[in-house]
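S.K.: Take a look at the following structure, please.
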Amino acid sequence: MLEERPISPDSIQLLHAGMNHSVRLSASEKIASQQQLDYYYAVVKKQILQFQSYTTGLFPRYSTENNVGYVRDSLYCAMTCWALSRGYLRLNDDQGRYYELGQAAVKTMRGILLCWMRQSDKVENFKRVHSAVFALHSKFNLLTGEAVEGTENYGHLQIDVVALFILTLVQMITSGLEIIYTTDEVSFVQNIVFYIERAYRTPDFGMWEMGTRYNDGTPELHASSIGMVKAALEAINGCNLYGSKGTVGSVIYVDIDAHNRNRTTFETLLPRESNSKNVDASLIPTISFPCFAAHDESLHHRTFAKCIRKLKGKYGFKRFLRDGQFCVLENPNRQFYQSGETKLFQGVECQWPMFFVYMIIDGEICTNVE
């Protein structure tokens, strides 16, 4: 068992210094930094990497799940491994952990890419007809990478997931990881850029995989999805997928008009999430880590303040108002709600502690102590 121990602000600053190449550490500071990194390495190995599929590189949503790998969850697991590997980069003797963690992230990113490449026909059809039928899947068989059977009614159309993949891909490639190997893969990444470009007029099922808050299987425009697409397009425009070894043929380009329309629509919707959701916690990772899509400081503060005012509770954040997910009043045997059922969940919504972590990260990056 890993020993739980509190992390002091001083140790966090020391860890940040160890990850910053512009900061020189003394011998004692390097030892302390390595001890912190080794602790987090043990946590990542025990709580994350042991569940990675040895064939596809994907991760399950729950530790007890053995058959289904989720793209969104896998991306965040890959981010964790990659971020920790960047910390080890500064050490003289990293015991091979920098490379190990980096390659774990590469395996996940390539696993997602190859799963989607098997569905390239869907991308071509989706570019012509923006229908959920032709959406790239957001979960796959954990061992084979094939589509999961019996998910016809599942909300696979989650444009924010594809945008998050692109954003993460760019950051990892820029840091020096080699993820894209061939021109076929370059062409496919360019194609999924086209796939997400029209997010400003494409209703999807959003971060919660349910569409409207009435959970009746109807997709809608989500500010969180559009914002993530905006951030992804800004990141990948002009990016060379071969890194420093690439040529003009491996550079990705973005339709500037599509980006401007996504930006305008996103800023118009904020601080609202969608037509049915006045406020939604999914806006927090959109305007803060990992996307930072809101460049207007006043709009960022208004949206953040609204999420805190309406959704923050003692144990975490509500996903949105009248959310019945895992509520004691929810019928777990029905996929969709009946008309008017959401009013039963008012005031008894579940609270999700993970959004406190988003706020901590945002506070560290923006140097906001509160």
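The values are calculated or read from the model by the stated rules, or taken from the named source; none is laboratory data. A quick note: this is a predicted structure, and the numbers were derived from the prediction, not measured. For neighbour counting, all protein chains shown are included, and Cβ atoms are generated from backbone atoms with ideal geometry for every residue, glycine included.
S.K.: Give the residue, chosen from 57, 69, that is within 24 Å of residue 135 (Cα to Cα), part of a loop (DSSP other than H, G, I, E, B), modelled with pLDDT of 90 or more and not β-branched (Val, Ile, Thr).
M.R.: On the way: 69 fails: part of a loop (DSSP other than H, G, I, E, B).
57 is the lone residue from the list that is within 24 Å of residue 135 (Cα to Cα), part of a loop (DSSP other than H, G, I, E, B), modelled with pLDDT of 90 or more and not β-branched (Val, Ile, Thr).
S.K.: Scan the range 33-40 and give yes if some residue there is surrounded by fewer than 21 Cβ atoms within 10 Å (Cβ to Cβ) and either basic (Lys, Arg) or closer than 30 Å to residue 147 by Cα (or both), otherwise no.
M.R.: no
S.K.: Tell me the residue from 126, 165, 140 that is touching a strand residue (DSSP E or B) at 6+ places or on another chain (Cβ under 7 Å) and either buried (at least 21 other Cβ atoms within 10 Å of the Cβ) or farther than 18 Å from residue 194 by Cα (or both), please. Can you show your working first?
M.R.: Working: 126 fails: touching a strand residue (DSSP E or B) at 6+ places or on another chain (Cβ under 7 Å); 165 fails: touching a strand residue (DSSP E or B) at 6+ places or on another chain (Cβ under 7 Å).
Going through 126, 165, 140 in turn, just one is touching a strand residue (DSSP E or B) at 6+ places or on another chain (Cβ under 7 Å) and either buried (at least 21 other Cβ atoms within 10 Å of the Cβ) or farther than 18 Å from residue 194 by Cα (or both): 140.
S.K.: Please work out if residue 322 is over 22 Å from the mean Cα position of the chain (by Cα) and in contact (Cβ under 8 Å) with a residue 60 or more places away in the chain. Show your work before the answer.
M.R.: On the way: over 22 Å from the mean Cα position of the chain (by Cα): yes; in contact (Cβ under 8 Å) with a residue 60 or more places away in the chain: yes.
Yes.
S.K.: Of the residues in the range 97-141, how many are without any contact (Cβ under 8 Å) to a residue 60 or more places away in the chain, among the aliphatic types (A, V, I, L, M) and assigned to a helix (DSSP H, G or I)?
M.R.: 4
S.K.: Looking at the structure I just gave you, is residue 310 basic (Lys, Arg), more than 21 Å from residue 200 (Cβ to Cβ) and in contact with a helix residue (DSSP H, G or I) (Cβ under 9 Å, 6 or more places away or on another chain)? Spell out how you get there, then give the answer.
M.R.: Numbers: basic (Lys, Arg): yes; more than 21 Å from residue 200 (Cβ to Cβ): yes; in contact with a helix residue (DSSP H, G or I) (Cβ under 9 Å, 6 or more places away or on another chain): no.
When the stated conditions are applied, residue 310 does not pass them.
S.K.: Looking only at the range 179-225, count how many residues are of a type in the set (S, T, N, Q) and closer than 19 Å to residue 72 by Cβ. Working first, answer last.
M.R.: Going residue by residue through the range 179-225, those that are of a type in the set (S, T, N, Q) are 182-183, 187, 190-191, 202, 212, 215, 218, 224-225.
Still in the list and also closer than 19 Å to residue 72 by Cβ: 202, 215, 224-225.
Total meeting the criteria: 4.
S.K.: If you go through the range 110-123 one residue at a time, how many are crowded, with 23+ Cβ neighbours inside 10 Å and among the aliphatic types (A, V, I, L, M)?
M.R.: 1
S.K.: Considering only the range 168-216, state which residues are buried (at least 21 other Cβ atoms within 10 Å of the Cβ), hydroxyl-bearing (Ser, Thr, Tyr) and out of contact with any helix residue (DSSP H, G or I) (no Cβ under 6 Å at 6 or more places or on another chain).
M.R.: Selection gives 202 alone.
S.K.: Going through the range 143-162 one residue at a time, which ones are surrounded by fewer than 23 Cβ atoms within 10 Å (Cβ to Cβ) and at negative phi?
M.R.: Within the range 143-162, the first condition is being surrounded by fewer than 23 Cβ atoms within 10 Å (Cβ to Cβ), and the residues that meet it are 143-155.
Those that are surrounded by fewer than 23 Cβ atoms within 10 Å (Cβ to Cβ) and at negative phi: 143, 144, 146, 147, 148, 149, 151, 152, 153, 154, 155.
S.K.: Scan the range 157-167 for residues that are touching a Lys or Arg at 6+ places or on another chain (Cβ under 8 Å) and assigned to a loop (DSSP other than H, G, I, E, B) and report the count.
M.R.: Residues in the range 157-167 being touching a Lys or Arg at 6+ places or on another chain (Cβ under 8 Å) and assigned to a loop (DSSP other than H, G, I, E, B): 1 in total.
S.K.: I would also like to ask the following. Just give me the residues in the range 49-90 being surrounded by fewer than 23 Cβ atoms within 10 Å (Cβ to Cβ), among the β-branched types (Val, Ile, Thr) and closer than 20 Å to residue 113 by Cβ, in sequence order.
M.R.: 55, 68, 80
S.K.: So how many residues does the range 220-244 have that are surrounded by fewer than 22 Cβ atoms within 10 Å (Cβ to Cβ), more than 17 Å from residue 289 (Cβ to Cβ) and aliphatic (A, V, I, L, M)?
M.R.: So the count comes out to 1.
S.K.: When you go through (1) farther than 26 Å from residue 304 by Cβ; (2) out of contact with any Gly (no Cβ under 9 Å at 6 or more places or on another chain); (3) of a type outside the set (D, E, K, R) one by one for residue 268, which number turns out not to apply?
M.R.: Residue 268 satisfies all of (1) farther than 26 Å from residue 304 by Cβ; (2) out of contact with any Gly (no Cβ under 9 Å at 6 or more places or on another chain); (3) of a type outside the set (D, E, K, R) except (1).
S.K.: Right, residue 345: aromatic (Phe, Trp, Tyr), surrounded by 16 or more Cβ atoms within 10 Å (Cβ to Cβ), touching a strand residue (DSSP E or B) at 6+ places or on another chain (Cβ under 6 Å) and touching a residue at least 12 places away in the same chain (Cβ under 8 Å) or not? Break it down into steps so the answer makes sense when it comes.
M.R.: Values: aromatic (Phe, Trp, Tyr): yes; surrounded by 16 or more Cβ atoms within 10 Å (Cβ to Cβ): yes; touching a strand residue (DSSP E or B) at 6+ places or on another chain (Cβ under 6 Å): no; touching a residue at least 12 places away in the same chain (Cβ under 8 Å): yes.
Spelling it out, it is not the case that residue 345 is aromatic (Phe, Trp, Tyr), surrounded by 16 or more Cβ atoms within 10 Å (Cβ to Cβ), touching a strand residue (DSSP E or B) at 6+ places or on another chain (Cβ under 6 Å) and touching a residue at least 12 places away in the same chain (Cβ under 8 Å).
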